[in-house]
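In what follows, a single structure is set out as structure tokens and then discussed.
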Amino acid sequence: PGESKEARTAFENMKADAAAEGIYLNAFSTYRSYWSQNTLYNNYVANYGQDPTDTFSAKAGFSEHQTGLAMDLTTSSTTLGTFESTKEFKWMKENCYKYGFILRYPEGKEWITGYMHESWHFRYIGTEHSKNFENNDLTLEEYLGI
């Protein structure tokens, strides 16, 4: 278990290419163990209640972060909630598929994914598949026919 080396290499390549264009990406909350996901989820439930939490956090054993393929992105000057208003988000939407990443929870697709829109949450699926996500708001569920 742990962060996927393939996903990390793809991210570092993407980060370097973005930096060459003046776009600075910061990945955090990449791999999470079962224990750390369980702690995070339970803290959210304690603060917000289970039903609201289930729209933005996965129970331990069901989080993409536990696969080592997902990462949350911010910039040096933004938080998760403000990432969507940045040039970094715009760059990611236009370019992440070239490196094997997809925006995992697009806006307006909550009824399909089961989670609220998260402009900061990207998932590595490899370029063989991510190229099919260019210029659209497909969800992984729609792509896989789930």
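The values are calculated or read from the model by the stated rules, or taken from the named source; none is laboratory data. All figures in this text were calculated on a predicted structure; none of them were measured in a lab. Cβ: placed from backbone, ideal geometry, glycine included. Neighbour counts: every protein chain shown. The accessibility values were calculated without ligands, DNA or RNA, using every heavy atom of the protein model including side chains. Shrake-Rupley method; radii C 1.70, N 1.55, O 1.52, S 1.80 Å.
Dipole magnitude for the chain: about 300 debye, using +1 per Lys or Arg Cβ and -1 per Asp or Glu Cβ, origin at the Cα centre. Between the labelled values (i) 1.30; (ii) 1.12; (iii) 1.01, the entry that holds Cα Rg over 2.2 N^0.38 Å as derived from this structure is (iii).
Apolar share of the accessible surface for the chain: 52 percent from carbon plus sulfur atoms, 1.4 Å probe. Separation of the alpha carbons by more than 18 angstrom is noted, of Lys93/Lys131; Lys15/Lys98; Lys5/Lys59; Lys15/Lys90; Lys98/Lys131, for Lys5/Lys59.
Could you sort 115-127, 12-24 so that the peptide with the highest average Cβ count within 10 Å comes first and the rest follow in order?
The peptides rank, most packed first, as 115-127, 12-24.
Contact order, relative form, for region 40-109: 14 percent (alpha carbon pairs under 8 Å, 6 or more residues apart, mean separation divided by residue count). Geometric descriptor of region 78-146, per residue, is 79 Å³ (volume of the convex hull of the Cα atoms). Normalised by the number of residues in the chain, the average gap of Cα pairs under 8 Å and 6 or more apart makes the relative contact order 24 percent. Think of region 18-146 as having a plus end and a minus end, set by charges on the Cβ of Lys, Arg, Asp and Glu; of Phe62, Tyr105, Gln37, Gln37 sits farthest toward the positive end of this dipole. Ranked from largest to smallest solvent-accessible area, with a 1.4 Å probe on the protein heavy atoms, Leu40, Leu140 come out as Leu40, Leu140.
Against the chain, whose longest principal axis comes from its Cα atoms, helix 5-20 is set at around 50 degrees. Counting Cα-Cα pairs of region 25-102 in 5 Å increments starting at 0 gives whole-percent bin shares of 3, 15, 19, 20, 21, 15, 7, 1. Each helix, a run of at least 4 DSSP H residues, gives -39500 (n - 2.57); summed and divided by the residues of the chain, these come to -10500 deg cm²/dmol at 222 nm.
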